[in-house]
Amino acid sequence: MPAPTAFMAFSSALTGFSLVELFGTGVADTYYDALVHILSQATVDELLAAYEPGGEAGLPRLLAHPLYGPLARNVIKLWYTGSWEQLPPAVVLRLPVAPVDNVPRVISAETYLEGLMWKAIGAHPMGGKPLGYGVWAEAPAGHTH
Amino acid sequence: MHKLEHYDVVIVGGGIAGAIMAKQLSHQQQRVLVLEAGAGDPTLPYDSYLAYLDEYYRANIKVPNAPYPDNPNAPQPSVLDTAPIAPPVPNTAGYFVQRGPNSYGSDYTRALGGTTLHWLGTTLRMLPEDFELHSRYGRGVDWPISYDDLLPYYEMAEREIGVSADVEDQQFLGLHFSPGYVFPMHKIPQSYLDMWLTEKLADLQVERDGQAYPVRVVSTPQGRNGMPNPAYNNGEGYVPVGAVGRPDLGQRCQGNSSCVPICPVQAKYNAWKTLAAANPAYVEVQTQCVASRVLVDGSSGYITGIEYKHYDSQNSGAYTTHVARGTRYVLAAHAIENAKLLLASNVANRSGQVGRNLMDHPVLLTWALLPEATGPFRGPGSTSGIPSLRGGEFRANGAAWRVEIDNWGWNWPTGAPYSSVDQLVDGEGRYGADLRQRLNAIIQGQVRLGFLVEQLPDPFNRVTIDPDYMDRLGNYRPVIDYTITDYTSAGFAAAKQVSDAIYDHLWATDYTSYSPADAGHVTYRGQGYSYRGAGHYVGTHRMGTDPDTSVVDPRQRSWDHPNLYLVGCGNMPTIATSNPTLTMAALTFWAARNLLEDIAADKVLAGAELSALAE
Ligand SMILES: Cc1cc2nc3c(=O)[nH]c(=O)nc-3n(C[C@H](O)[C@H](O)[C@H](O)COP(=O)(O)OP(=O)(O)OC[C@H]3O[C@@H](n4cnc5c(N)ncnc54)[C@H](O)[C@@H]3O)c2cc1C
Ligand code: SF4
């Protein structure tokens, strides 16, 4: 399913990466599908609906919410690592999440390679997208000596 | 299942040791059978390597064995199975039965190609003084051969593995090279972090046992492809060996930063390269064949066959039993599996030393945040080290170590960058641009040192077998007894002091923490230290000059069975401070030479008998 605009805006605000960067990963739809699969369409819609009115300015409040907070943090980690992290028991109790879906796992080889954390730290995923021979000898990007 | 009724040589194990044997013997027209316990297509198709890579990408916990699936018919240890041990209750969570009291923290791989599939590729030579530990410092034992004896074989091993290093950097603590020698390839560029540390630590001195030592950062020889040195081999040069089945790939290290557990392009050496270079007309490799017993003729002492269990599928424990026969035999199944096989067969053990003197490099990790960005998570796992304290008079009192400078931040001790994301998101509630920047800032400052601490041969550190603990095919599981002695702990204490001095000197914030809940934890003089395993299994069938105290003779042949050679790190009498595989590979070239010499001697004998008959 194509990731809806609301999900992308939400993701951008959560991750600190622009829409262009998020689309550039090529796995936005994969994440949206994974979320819908794990949490159900209704829960994802509810989460996005909780975000929309406040937008970015409302994020601190949303992240403090007992249900939406943990879900939003899992969305961040999904984008950053390409993996699903197990939701805490208190959250699972309130949601129709199947235990088999809530196991920690890498969504796919592609999402592993597209994890935003690698970009954030000025590196590349371990085992993929190598920078080339000897680049490790150079000063890190943005470094002023 | 094997094809011929009789081979010249039957080799057990398709790792680097077995592969070197197969290569050397097959190029001398010896018919060789390699029995390999694990899975793997003997034709080594490139696609099957890619399947390991995909497995790695999708693995949730990227431990060294993550790309190489568990195989209940040829089980392998996993670092995830280690835990503190409360004797007398053993830790039986994984393949090993660990009786402790300390935890043995290392794994190995049972698949065609063996553990070099996930090794890091550090290829240091031993120091000359390491061969004389007992006569110099009254500790451990001496080797029956010297550094100079091994020197030509080191050169063969460096060619086989494809070592990148500069001789100029490696002449320390008595290490010397043949006149005019250069390594096949120039040194791998040192990381930005290495160079930063070189500059900052240039004026630092540390003390051990009242003597001052410099803290010198030196490039590390590595078994990964760099720039060929045109001066190699008297000006003949060297052509880097690329990926098996895709030789255009992996001619240079590209900085994939995943050498452990898998180099995506095979720029890093693995034993497939040596297997692929054997003479195919003379080598037969059979996988899914687990050697279970070495058969011996009671009166002559000659080995008569290798009994093995062949399974069709990893999904079922069904197997058939066969016997492979040859004129000579080589066990190359890894230090633990070799010892297990000998014990299960009751062979080669007149000395009672089989399985004993098991060692590793317990690795003391320390980690800190630097005041500057140094660009971690780029490049090979380690490109430099601090070898200044690998040798010295202090070895009379406490273990030596080498320091590995790591290029992957806190990945090993804390699981960064994953753990850093968790900490910032869950722990500190960060998100958005602030999260992105903060993550960059903390990762960029991450530095991690590893002290590979020496252990002494100790007869009570050992692998044994016990019929109560069998695997699915009815083969023995290794039972491990392991104690970290005070000699090694003294090395931990000295290592931590030096680490403190380094971090202080760098104005770094030390985040090292050790907990009794860690799998490997010891207390020494009131301080707790946690160590990890290095994967350096050494000493389980050591060589020596006395058949009463050693398992193989200086030529690497069993004292008890004239047609049996043992190869692998099990032959090494001490572990010293270098990662063992280069030295073991050198010994294996030496063993291959000696085995060929035995064959030639037999021919002369046979010829003499023939001419005697003719007369
Ligand atoms: C994480 C890690 C990193 C390492 N990094 C380095 C490094 O940087 N530098 C270094 O010097 N060393 C390193 N090592 C150690 C190095 O990998 C080993 O020393 C080396 O692989 C040993 O070679 P081997 O051929 O004796 O055994 P292996 O490579 O383990 O090969 C043994 C083979 O025998 C097969 N086998 C086992 N049992 C049987 C049986 N019963 N029948 C038939 N076949 C059998 C196995 O399946 C395997 O294929 C590392 C180890 C680990 C775990
Ligand atoms: S840094 Fe990358 S390319 Fe180089 S050896 Fe390691 S995994 Fe292979």
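The values are calculated or read from the model by the stated rules, or taken from the named source; none is laboratory data. Being a predicted model, the structure only gives us computed values, none of them experimental. Cβ placement follows ideal geometry from the backbone for every residue including glycine, while neighbour counts extend to all protein chains displayed. Side chains included, ligands, DNA and RNA excluded: accessible areas come from the protein's heavy atoms. Shrake-Rupley method; radii C 1.70, N 1.55, O 1.52, S 1.80 Å.
Kirkwood radius and radius of gyration were both taken over the C-alpha atoms of the range B:82-184, and their ratio Rg/Rh is 1.10. Chain B against chain A buries an accessible area of about 4000 Å², both chains summed, 1.4 Å probe radius. Taking every Cα-Cα distance in chain B and sorting them into 10 Å bins from zero, the calculated P(r) comes out as 3, 17, 28, 28, 16, 6, 1, 0, 0, 0 percent. Report the one residue of B:I575, B:W590, B:Y531 whose Cα lies farthest in the direction of the positive end of the charge dipole of the range B:469-595 (charges on C-beta: Lys and Arg +1, Asp and Glu -1; origin at the Cα centre). So the residue we want is B:W590. Using alpha carbons only, how many degrees (0 to 90, rounded to 10) separate the axis of helix B:147-161 from the longest principal axis of chain B? Once rounded, one gets 80 degrees. In the range B:159-224, the convex hull through the Cα atoms has an average projected area of 5.7 nm², a quarter of its surface area. Summary value for chain B: 21 percent relative contact order, contacts being C-alpha pairs under 8 angstrom separated by 6+ residues. Ordered from largest to smallest accessible area (heavy atoms of protein chains, 1.4 Å probe), the residues B:F460, B:F451 come out as B:F460, B:F451. Taking the Kirkwood radius as Rh and the Cα radius of gyration as Rg, the range A:47-92 has a ratio of Rg/Rh equal to 0.98. The angle between the Cα long axis of helix A:68-81 and the main principal axis of chain A comes to about 30°, on a 0 to 90 degree scale. Take every pair of alpha-carbon atoms less than 8 Å apart whose residues are at least six positions apart; their mean separation over the length of the range B:480-577 yields a relative contact order of 18 percent.
Taking Cα atoms only, the orientation of helix B:16-26 departs from the longest principal axis of chain B by about 40 degrees.
Solvent exposure of the protein assembly as shown amounts to 36 Å² per residue of accessible area, where only protein heavy atoms count and the probe is 1.4 Å.
Nonpolar atom fraction for the protein assembly as shown, defined as the carbon and sulfur part of the 1.4 Å probe accessible area, stands at 53 percent. Rounded to the nearest whole Hz, the Karplus-based 3J(HN,Hα) values (6.51 cos²θ - 1.76 cosθ + 1.60, θ = phi - 60°) of the range B:385-396 follow the sequence x, 10, x, 4, 10, 6, x, x, 4, 4, 5, 5, with x at glycine and proline.
Per-residue shielding of B:190-198, expressed as the average number of other chain Cβ atoms within 10 Å of the residue Cβ, stands at 3. Per the Debye calculation on the range B:293-441 with a single equal scatterer at every Cα and no solvent contribution, log₁₀ I(q)/I(0) for q = 0.16, 0.18 Å⁻¹ amounts to -0.97, -1.08.
Distances between every pair of Cα atoms in the protein assembly as shown, grouped in 20 Å steps from 0 to the bin holding the largest one, split as 16, 48, 29, 6, 0, 0 percent. Peptide B:426-437 shows a mean partner chain C-beta count of 5 within 10 Å per residue C-beta. Between the C-alpha center of the range B:559-586 and that of the range A:4-68 there is a gap of 57 Å. Distance between the pseudo-spin-label points of B:H176 and B:Q437 (7 Å out from Cα toward the beta carbon): 5.9 nm. Please report the spacing between the Cα centers of the range B:525-542 and the range B:125-149 in Å, no decimals. Their Cα centres are 20 Å away from one another.
The slack in the chain from B:D54 to B:S299, taken as 0.36 nm per residue of separation less the alpha-carbon distance, amounts to 83.0 nm. Annotation for B:S515 and A:T5: the two label points, set 7 Å from Cα along the Cα-Cβ direction, are 4.7 nm apart. The listed peptides B:512-525, B:367-380, B:193-206, ordered by packing as a protection proxy, come out as B:367-380, B:193-206, B:512-525 (highest mean of other Cβ atoms within 10 Å first). Across the range A:5-137, C-alpha contacts under 8 Å between residues 6 or more apart give a mean separation that, scaled by the residue count, equals a relative contact order of 22 percent. Summary of the geometry: the range B:451-466 and the range A:84-133, compared by the centres of their Cα atoms, lie 39 Å apart. Take the convex hull of the alpha carbons in the range A:5-137; its mean projected area over all directions comes to 8.7 nm².
Peptide B:52-59 has a mean of 5 when you count, residue by residue, the C-beta atoms of other protein chains within 10 Å of its C-beta. With the helix formula -39500 (n - 2.57) applied to DSSP H stretches of n ≥ 4, the protein assembly as shown reaches a computed 222 nm mean residue ellipticity of -9000 deg cm²/dmol. Placing a label point 7 Å from the Cα of B:Q211 along the Cα-to-Cβ direction, the residues of the range B:372-408 whose backbone N falls under 15 Å of that point are B:388-401. Applying the Karplus relation 6.51 cos²θ - 1.76 cosθ + 1.60 with θ = phi - 60° to the range B:295-305 yields 3J(HN,Hα) values of 8, 9, 8, x, 7, 8, x, 6, 6, 10, x Hz, where x marks Gly and Pro.
For the protein assembly as shown, lysine pairs with C-alpha atoms less than 14 angstrom apart, excluding pairs fewer than eight positions apart on the same chain, total 4. A simple spin-label model places the labels of B:D312 and B:K603 4.2 nm from each other, with each point 7 Å out along Cα-to-Cβ. In the range B:425-530, Rg over Rh equals 1.15, where Rg is the alpha-carbon radius of gyration and Rh the Kirkwood radius from pairwise Cα distances.
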